[in-house]
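Below is one structure, written out as structure tokens; comments come after it.
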Amino acid sequence: MKKLIVIIACILFFTPPLFAQDTMKLVYYNDFAPFSWEDSEKQMHGILIDVINEAIQKQMDIQVSHQGYQWALAQKKVRDGEADAFITVPTPARREYTKINTEPVIVGKITIFTSKDNAKMEKLKKIRKLSDLKDFKLLDYQGNGWAKKNFSDFNVDWYAKIDDVLLKLAKGHENVFVHTSQVANYIINKLGLQKQLIEIPIILKSVDFNLCIRNDSPYINIITEVDKIIRKMRNDGRLQKIYDKYK
């Protein structure tokens, strides 16, 4: 019996803890409602935060923290080892320093927004791909890296933030805004522009937002379990309930 106790004690003493820190640190873009945003007290809110709280903190019993930054700084925090993970669109560059799960936390649907009195409405309804927008005047905001990449040779007026884009769009004319449906609709509702603006319900592109964990994070090995939990949450409707909170 004494020998057994000694063996158990040795195992407990020499076996390293599963996690080398008490809290898994996640970082986000702090101005990307309803996916993630920061309130006046520096608290993070949004779809991404709610999914992580359910999947990792509640289901896996791992404490998590949520911090918001400008997006470039948030990514740097992970690259430099100051944070464990972020949630975003997988790219070759991000795969160099993170391991990315396979079950998306949410799928962004890229659609078209314009004023309800746009004289080119019928032409807009026939758009099927991004290149079909070459003849239109686009509006977008400076921090939108996806737009800068995809519309580099398009006719685009750039604004400081997405709110400015939607307010300008609501003034009429033939301007067009191409963006993630969930994000644009949330801000349209927040600004009270539902009567002025319309979404063309054609999905030009679907964009997966996945959990990206730093390669040397002590939490790197939870990826497979996270996939199982998110898949189950999708199948049993828990993911959709979270999405529906932010419509």
_Being among the β-branched types (Val, Ile, Thr) and touching an Asp or Glu at 6+ places or on another chain (Cβ under 6 Å) is the requirement here; does Ile242 meet it?_
yes
_Unique residue being at pLDDT 95 or above and among the hydroxyl-bearing types (Ser, Thr, Tyr) when the list is Ser206, Ser152, Ser115_ = Ser115
*Residues Ala147, Ala119, Ala160, Ala170: which one is over 18 Å from the mean Cα position of the chain (by Cα) and closer than 27 Å to Arg79 by Cβ?*
Ala160
*Search the range 27-53 for residues being of a type in the set (A, V, I, L, M) and assigned to a strand (DSSP E or B), and hand back the single one that is surrounded by the fewest Cβ atoms within 10 Å (Cβ to Cβ).*
Met44
*Complete set of residues in the range 73-105 that are in a loop (DSSP other than H, G, I, E, B) and closer than 18 Å to Phe35 by Cβ*: Ala83, Val89, Pro90, Thr91, Asn101, Glu103, Pro104, Val105
_Given (1) modelled with pLDDT under 95; (2) surrounded by 14 or more Cβ atoms within 10 Å (Cβ to Cβ), number of the condition Lys171 does not satisfy_ = (2)
*State yes or no: is Ile213 touching a Ser or Thr at 6+ places or on another chain (Cβ under 9 Å), over 26 Å from Ser131 (Cβ atoms) and either touching a residue at least 60 places away in the same chain (Cβ under 8 Å) or part of a helix (DSSP H, G or I) (or both)?*
yes
*Positions within the range 25-42 being in contact (Cβ under 8 Å) with a residue 12 or more places away in the chain, out of contact with any Ser or Thr (no Cβ under 8 Å at 6 or more places or on another chain) and not aromatic (Phe, Trp, Tyr), in sequence order*: Val27, Asp31, Ala33, Pro34, Ser36, Glu38, Lys42
*Within the range 64-85, restricting attention to residues that are within 13 Å of the chain's Cα centre (by Cα), at pLDDT 95 or above and among the hydrophobic types (A, V, I, L, M, F, W, C), which residue is nearest to Asn30 (Cα to Cα)?*
Ala74
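The values are calculated or read from the model by the stated rules, or taken from the named source; none is laboratory data. Source: prediction; values computed, not measured. So basically every Cβ, Gly included, is an ideal-geometry build from the backbone, and we count neighbours across all protein chains shown.
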